[in-house]
Structure formats: structure tokens, C-alpha cells
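Just so it is clear, none of the values below were taken in a lab; they were calculated from the coordinates. For clarity, every value in this text was computed on a predicted model and none was experimentally measured. Reconstructed Cβ throughout: ideal geometry from the backbone, glycine too, with neighbour counts over all protein chains shown.
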Amino acid sequence: MVEKKRYKLNRLETTRLIGPLVDRHWAELREAKERGEKVAWCSGPLFIFPYAMGMKCHFMAGYAAYCAGRKAGDQVLEAAEADGELMDTCSYHRLHTGMAAAILRGHPVKKEVILPIPDLLIIGRLCTEMAHYAEALHRRLGIPVVAVDFPPPRRKEDLPRLERFVVRQIKENLIPTLEKVCGKEFDEEGLRRILRVLKEAATIRNQCWEFFKLKPTPWTLWDYGVSIAPVFYMMGKPETVPYYKALLCELKERAEKKIPAADGEKYRLYWDGWLPWAFLGMFIRKFVSYGAVPICGRYPWEFFPHPEYIDPDADDVVQNWVELYYTKAQQAAVFMPEGALEEVTKLVEEYSIDGLVMFASRTCRAWNVGQQEIINEVERRLGVPGVVIEADMVDSRMVSEAQIETRLQALFETIDARRRRE
């Protein structure tokens with residue numbers, strides 16, 4: 001059995017800035033509705049378009065982190081199930097229908113997690129559950145819905161054709177709907193302004209990623225997970241760039257002073273799948289007790305990983321934005337089995353990973369496809385072992401600390417055995 005020790009976690013000071021910034025985002029959303037301004041809810045990567053129109057926008061995956069931070073996740077999920085939702089449907093989906101149930105039927109949930117009913121629901125359909133989001137919330141709240149499908153490729157050769165399909169949906173469906181709801185022409189210059197900020201912020205963010213390669217690492221994937229917020233909550237706002245500049249400055253200082261993310265780094269971990277927003281503290285305490293540090297992962301790495309392809313001055317700025325997802329940055333490729341294996345193998349080598357932890361969400365099956373096959377192939381190619389941990393991003397009933405402990409022990413024992421043989 002691998003021995004647990006009292007390793008110390010050295011938290012970043014910069015990430016403490018996130019809480020007030022996020023609180024302000026939610027406050028502005030509510031205040032905008034009170035002033036009679038247009039408000040949107042958005043799933044998938046389409047939030048940039050309502051932001052360009054000057055709408056306050058709620059990024060629906062971000063609501064999971066918000067509810068988790070307010071210790072309200074289970075409460076909102078219970079409201080959804082009391083209103084007829086099945087427990088094994090996507091917990092992100094249930095959070096929103098639970099909130100709707102609280103608004104319409106008075107199911108008790110914390111007041112601070114109630115959001116204003118939007119004027120438009122924008123669905124970027126990356127999975128089938130997002131269609132259920134739209135149908136359920138439209139039926140309950142009467143919200144107008146516009147949907148854009150983002151089909152995952154089976155092969156890289158599919159990317160150009162899928163890109164054309166997505167561009168047409170945005171130009172022929174999403175933008176006209178936004179114009180109708182807002183009563184004005186689409187603000188293309190607003191989109192360009194946002195992309196300029198995004199390009200600068202993501203470029204600095206990528207410089208921060210390089211510090212994960214240091215041994216020991218000065219920060220963790222959990223730190224980065226918290227630091228995703230400025231990209232989404234403050235899209236195009238001037239605070240976005242200063243946050244990442246402050247983060248980069250702190251990482252440089254840590255590197256110079258050799259301050260590690262956790263004292264006694266022993267195992268460098270790759271994390272696959274969603275971040276467990278309601279259980280970040282529990283997971284990091286378990287990791288650090290073994291001297292393990294989560295460093296990189298396929299999910300958080302997908303957020304605009306190649307800002308060099310962002311061209312705010314492109315003749316067709318919508319086309320350029322979709323190219324980030326398909327033909328240029330090829331973000332969509334990480335969802336197909338071959339692309340996922342290619343991406344994970346690259347990350348394992350670049351970041352000196354000792355073991356893989358595949359987070360298999362019980363309510364988001366799409367992300368789980370191929371995880372065991374990736375473990376098998378990475379171990380065959382590189383000798384790096386992995387385990388699958390079944391849990392959920394928000395629902396505590398689906399999280400077993402005993403299972404997590406057992407599988408982490410198995411992973412670290414395997415790593416240690418391999419090290420002794422080398």
C-alpha cells in the first residue's frame with residue numbers, strides 16, 4: 001500500500017481574485033434583467049455572439065461551478081427530481097431544470113443561485129443532452145430557443161465539411177435570431193473587439209501553461225480550472241487580460257523561488273473529463289496526501305488553445321471563429337477517439353506525466369467514450385498506467401470516496417512498481 005503523508009498544498013494568491021470577479025458577473029446578469037435589458041443563457045461555445053450584441057450572458061456549464069461554490073448543487077438537483085427529472089440525466093441539465101422548478105413551483109433552493117429568466121436560450125449542441133436542455137426549459141419557461149449543431153468528426157477529413165455546416169447555421173439562424181430579439185443589426189465590430197481581448201488573454205494564458213512543465217510544477221490543473229472563469233464570465237472585458245498577467249507574474253516568481261504547488265511532488269497526473277466542480281477540494285486533498293499533482297487534461301485544454309489562429313481583422317470574422325473549432329485549431333478533433341488518443345499521448349510526453357486519471361461522469365457519457373482504450377494504448381506506447389474513476393461533476397450521491405481512494409492507491413502502486421523495475 002502506498003503511504004500517505006502530510007504534504008502541504010501551496011495555493012496561488014492570484015486565484016483568490018476569481019471569487020469577486022465571478023460574483024460581479026452574476027450580479028450584473030441580474031441587474032441587467034432588472035433594468036429591462038436583454039439577457040441570454042448559452043450552452044456550448046456560442047456565448048461570444050450574444051456578448052457581441054451587448055447582452056449579458058450566462059454560460060450554462062459555468063452554472064455548475066457557481067452552484068458548487070455556493071454549496072447548493074444537491075439542493076438544486078433535488079428540486080429537478082421533485083419536478084420529474086430522472087437522476088441519471090446530465091447534472092448540468094438538472095441544475096437548470098431544478099432552478100426552473102424553484103422559480104415556478106417554489107421548490108426551496110438558495111436564493112443566490114436563482115438566475116433571471118432569459119430572453120433567449122442559445123444551444124450549441126455538442127451532445128444530445130443539450131437538446132434536452134432546450135426542450136425542457138422552453139417547455140417550462142416559454143423561452144425562445146435557437147440551436148446550432150456542432151457535430152463531432154469521425155475523421156479529420158470531416159472537419160472542413162462540418163465547418164461549413166456550422167458557419168451556415170450561425171449566419172442563417174443564430175445571427176438573425178439575435179437581431180430579432182435585440183431589435184438591431186448584428187454588431188460585427190463588437191465581435192472583433194471581443195476576439196482581440198480573447199486573443200491577448202489566451203496568448204498570456206498559454207505562457208502560464210508552460211509552467212506546468214517544470215518539476216516540481218508551481219501550479220495545478222485545479223488552479224487553472226478556477227482560472228478558466230475570466231475567459232467566459234468576462235468575455236471581452238478589460239479585466240480579462242490583467243488577470244492572466246497577474247497569474248503569469250506569480251508563476252514566474254514561484255519558478256524563480258522554486259515554490260511548488262505541493263511540497264514533495266511525487267506523481268504528475270493527467271486528468272481526463274470534466275473537472276468535478278463540487279468536489280475540487282476533496283480531490284486535491286486526496287491527491288496531495290500522496291504527493292500527487294493534477295497537471296493537464298483534455299477538457300480544460302480545449303478552451304481556445306491556439307490563439308495564434310484568432311484573426312479579429314479577418315474579412316469573415318464568423319468564419320475565422322468557427323475555424324478555431326474545426327479546420328485550424330481543430331479543437332473538435334479531441335472528441336473523436338483517434339484525436340483524443342493523439343492529444344493525450346502528446347500531453348503525457350510534453351508534461352512528463354506519471355499516470356492517467358480518467359474521470360468518467362455518470363451523467364455525461366459522451367466524455368467517457370474511449371477512456372479505457374486510451375489508457376490501454378498510452379500504457380502500451382509509453383508505459384504510463386491509468387485508472388477510471390466513476391463519479392459526477394455535481395451530484396454527491398454519485399461520488400464514492402472509498403472508490404476514489406482504492407483506485408488512486410492502485411494507480412500509485414503501479415507507478416511505484418514500474419519505477420522499481422526501471
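Return the inverse of the average 1/r over all pairs of distinct C-alpha atoms in segment 17-188, which is the Kirkwood hydrodynamic radius, in Å to one decimal. One over the average 1/r among Cα pairs gives 16.8 Å for segment 17-188.
Here r is the Cβ-Cβ distance between Leu104 and Glu135 and R0 is 22 Å; the resulting FRET efficiency, rounded to 0.05, is 0.85.
Can you tell me the order of 396-404, 115-123, 92-100, 361-369 when each peptide is scored by its average per-residue count of other Cβ atoms within 10 angstrom, highest first?
Working: 396-404: 14.0, 115-123: 21.3, 92-100: 25.8, 361-369: 18.0.
Those peptides, ordered most packed to least, come out 92-100, 115-123, 361-369, 396-404.
Between amide H atoms placed 1.01 Å from N, distances below 5 Å from Asp149 occur with Arg125, all of them 5 or more places distant or on a separate chain.
If you place +1 on the Cβ of every Lys and Arg and -1 on the Cβ of every Asp and Glu, how big does the dipole about the Cα centre of the chain come out, in debye to the nearest 20?
On the way: 60 positive and 61 negative charges, 206 e Å.
Dipole size: approximately 1000 debye.
Run lengths n ≥ 4 of DSSP H only: what is the helix-derived mean residue ellipticity at 222 nm for the chain, with -39500 (n - 2.57) per run over all residues, to the nearest 500?
Working: 17 runs with 205 residues, N = 422.
Result for the chain: -15000 deg cm²/dmol, rounded to the nearest 500.
Note on segment 273-422: along the principal axes its Cα atoms extend 55, 40, 24 Å, ordered by decreasing extent. Taking the three principal axes of the alpha carbon atoms in segment 66-130, the coordinate ranges are 30, 28, 24 Å, sorted in descending order. Over the chain, the hull volume per residue, using the convex hull of the C-alpha atoms, is 133 Å³. Note on Arg70 and Glu342: their simple-model spin labels are 4.2 nm apart, each label 7 Å out from Cα toward Cβ. Of Cys296, Cys249, the sequence from fewest to most neighbouring Cβ atoms within 10 angstrom is Cys249, Cys296.
Amide H contacts for Gly355 (H built 1.01 Å from N in the peptide plane; partners 5 or more residues away or on another chain; cut-off under 5 Å): Arg268, Tyr270.
Near Leu120, the amide H atoms lying under 5 Å from its own belong to Val39, Trp41; only residues 5 or more places off or on other chains count, and H is placed 1.01 Å from N. Comparing Tyr270, Ala340, Tyr133 along the charge dipole axis of the chain, the residue lying farthest to the positive side is Tyr270, per the Cβ-charge model. Put a plus charge on the Cβ of each Lys and Arg, a minus charge on the Cβ of each Asp and Glu, and nothing anywhere else: the dipole of segment 17-188 about its Cα centre is then about 80 debye.
Our summary gives segment 128-217 a relative contact order of 16 percent, counting only alpha carbon pairs under 8 angstrom and 6 or more residues apart. Cα centroids of segment 212-235 and segment 341-418: 20 Å apart. Between Thr203 and Glu253, residue separation times 0.36 nm minus the direct Cα-Cα distance comes to 16.1 nm.
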